[in-house]
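Each value in this text was obtained by applying a stated rule to the coordinates, not by laboratory testing. What you see is a predicted model; the values in this text were computed from it and never measured. Methodologically, a virtual Cβ is constructed for each residue, glycine included, from the backbone with ideal geometry; neighbour enumeration extends over all protein chains shown.
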Amino acid sequence: MRIHCCVHLHNAATLLSIFQFLTSSLIQTQGLPSGFIAEVVSDQNAISGVFASSPKTGDPLLLLVSKVGKVHAIEDPDSNFSKAKEILNLGGKMCTETERGLQSIAIHPDFTENRYVYLYYTKFKEGCLVDSDAPASKHPYNVVSRFVMDPDSLLLDFDSKVEIWRGAGLKGYAVHNGGAMVFGVDGKLYVTHGDGGVQDNAQDMSIVLGSIMRLNDDGSTPSDNPFTSANGYDAYHCRKSGGMVPINSTLDAVCSEIYNIGFRNPFRLAVDSNEKEKVRFSIQDVGARVWEELSYGGTDYAGMNYGWKPIEGPCLRHSSEDCPVPEDPNISEPFHYYLHRDDKSGCVSGAAFVPEGIWPEEYKFLFADFVWYTVYSLTEDSDNECRSCKPPISRFRNETFFETISYPGEHKNEAKIVDMFFGPYKDTQALYVIKYGNHDTVVRIRYTGIHDEPPIVNFTASKQFVDLNEQIQFDASASNDPEGKNISFRWFFGDSERSSKANPDSIEKSPSHSYGELGEYKVTLYVSDPLNQVQQKSMIIVVGEPPIATILSPAEGDKFYVGQVIHLSGSAKYLNGTAFEDAQLKWEVRKHHDDHWHPFLDPTFGNNIDLSPAPEPEDFYASTNSYLEVILYATDENGLTRTISQNVMPSLVKVGIDSKPAGLNIRVNGESVNTFSEIVAWEDQYLHLIAESDSSYRFVSWADGVEGYNRSIVLNHDDPGFTANYCVLNGAFCSDEVDCCSGFCHRETNKLLNTSGFSMEANHKDSKTGMVCGEDLFPTYVPTTSQEIFPTYMPTTSPATSHTTLHTAIPSKEVEHNPTDGEAEPNQKDKDLADDLSLTRPEIVSEASKNPHKHPILLLSSIAFSLFL
């Protein structure tokens, strides 16, 4: 086995202190502008949500979906005490590896009449293959299914399911799933799909990956879609042929449900409810290495291409300086973009248009970043916009609106925002923010117009781990009102079915309590001020001792390699030594990358589980900051849980990337690497190398004999090296150690220019300009016309020791030269050349300075020179 592990035993004290911090920081340090307040709506696990009108009462109904396939309904979301009710569980009917699973939910515009609920999820396929060589038909795929809600129980009837659309087999890396869904004012369903980890999918209209689809409510293609047979396309409704055009179709065939192409991972859509006449929404497409971008979509953008993979944000992929304005009118640029931070990268994860009239005028559009833990308000700043700058500057400015974490770097995985949307609250609307982590929380942000800070809530417990009937003293003395107003307290100890909003367990500042049964209890304190601004904090009290748990496999000290099937095995026992049944164990695996993590195995009950093949690094830079974390939970009948984890590290391989001559660039998995460089990869990782020729060098072969400039390698455990051999083109600088593609290597100062109107002289000395490749120095020159003028080179001085020969010159040629990183600026080289040449027309040097990327290559049939001995 090849798995290095660091073992972390999370004892109850550690877990509780973490949870205490989390619940105290959810709302306390929100950083909201004056007049706003944030409140916890639910601690229900969720990744997305939507509001509907309850079929029972007509009141607002909040529907939440979790990645593992559960759908919950909250019937009274205005209250801080509402319970979430499970109305559907798709567990066992989906693949949930990495980014797969239940992604989003939408309701039909006529929900009150037909009660249609739409879910986007990854349908189960035997094996849930990831990055397999098997045909696409063997891989799982995403679907949109329609369910009908029962008007009395609110349950979604699984037997009512109609699969209205399906995507293509996910043959990539189980990432970039997309999965956003919204209905437009035109009654059509807009659905996003990521490129599936295969970047070229985004520009391929024969497959639905990397696109936005526009569907009728039954999944069929609207007749006014841009890429239909009526518009002259060889079009197919691709849900009928596995998410792609039929195998026997023409090369020009397209999927008719496609509305837009050119997306990497369009994670969320946000409809502009203020636009009543046409469809308008924003697209939050998660960026790659450099940019995050937000783009407009809808009626005015039918058929547009959003640029990925050639384009990322306002620039070419992976660049912040190579940013040409697209000449193609069908390319849609983002209306807002922002650079990644060096320390936190970036990941746009949600947005919302502010409904008119509910908030102050300056708040029009909000968006969230997953790894910055922040909701931003966009402020227009046209004076600062600069499309031609390097990097370009958007016409909007990010203004911090809401922060989900107290202190940078602490428990950040509990503060990541995955969705946001406006929904009803009493007689107005509020912003609902969904956070993803161990303790997912739905937060409501509303405008009160009250420029009065809400109360600060905090409390302590004399003990967090107690025995049966042991008294615990709680103390909320640290709670206060910033303006000094009186505050009231409502305590809920978590063990009473009789407690309610109107009937708390205690209203004292510092009550005491004991528990008569073993288990874990959530204690919540609500503090309110005279303006009825409420804030809350929770803490877990553990009564009794949790069971003992052990991870047996992977073993400590192992390392994993790409493609390895890691086996999960563990055990647990009660304090009396009785062993747990396998079905009582629960496993979770997280793929950590930099300062965040992605799900690799969602919480799964059982034992002796084989994971999907171990992944490759997420990108070129992820090999040094990524690993897997295996977590085992053991919970007894009283709800007492022991949690242990192991960080499983990859087996690293150092790879030397070189060229002859050195100092050239070779692309490695899409990134440019300057030689010589040593990169770090993972064992059995796939590397794609491209040795590209340029205006000065032509690729010849690889040092190990491979001739193609484009090659792929699977790394073994040995530390390999790859060297690309080049030859030098005529007119480019060379050295004795490097072969010219033709001709030979000689000093550049032997190649002098003589054109009509000036004369020059060269002195043979140690030259700063080095050597260049060229043909024979002294070919026979035959004028083509009698009108050609052949002025001569003459020495400007005549020392007694000089030897002078008179010859004629041929006209010059100019060869494009692209300077590489680290070489002297071309202007300096022109100056060095001038030092060696006595010019009677010095304006030649200034002209060269105006064209710093062109060097005159001076080809002579004969030379007049003075040689100083």
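Points worth noting:
- Alpha-carbon centroid distance for the pair the range 540-604 / the range 137-215, whole angstrom: 32
- Spin-label zone in the range 603-647 - amide nitrogen under 12 Å from a point set 7 Å from the Cα of ARG341 along the C-beta vector: none
- Projected label points at HIS688 and LYS485, each 7 Å from Cα along the beta carbon direction, are separated by 6.0 nanometres.
- The stretch between SER742 and PHE605, if pulled fully straight at 0.36 nm per residue, gains 42.5 nm over its current Cα-Cα span.
- For a straight C-alpha distance cut-off of 15 angstrom, the aspartates and glutamates reachable from LYS660 (same-chain residues fewer than eight places away being disregarded) are GLU692, ASP694, ASP704, GLU707, ASP736, GLU737, ASP739.
- Subset of LYS85/LYS188; LYS188/LYS416; LYS93/LYS138 violating a 19 Å alpha-carbon distance limit: LYS85/LYS188; LYS188/LYS416
- The range 245-283 and the range 480-532: distance between their alpha carbon centers, rounded to Å: 49
- Subtracting the Cα-Cα distance of LEU531 and ILE247 from 0.36 nm times their residue separation leaves 95.6 nm of extension gain.
- On full extension, the segment bounded by LYS276 and ASP76 gains 69.1 nm, given 0.36 nm per residue less the C-alpha separation.
- Cross-link table LYS123/LYS161; LYS171/LYS435; LYS364/LYS390; LYS278/LYS426, entries beyond 22 Å C-alpha to C-alpha: LYS171/LYS435; LYS364/LYS390; LYS278/LYS426
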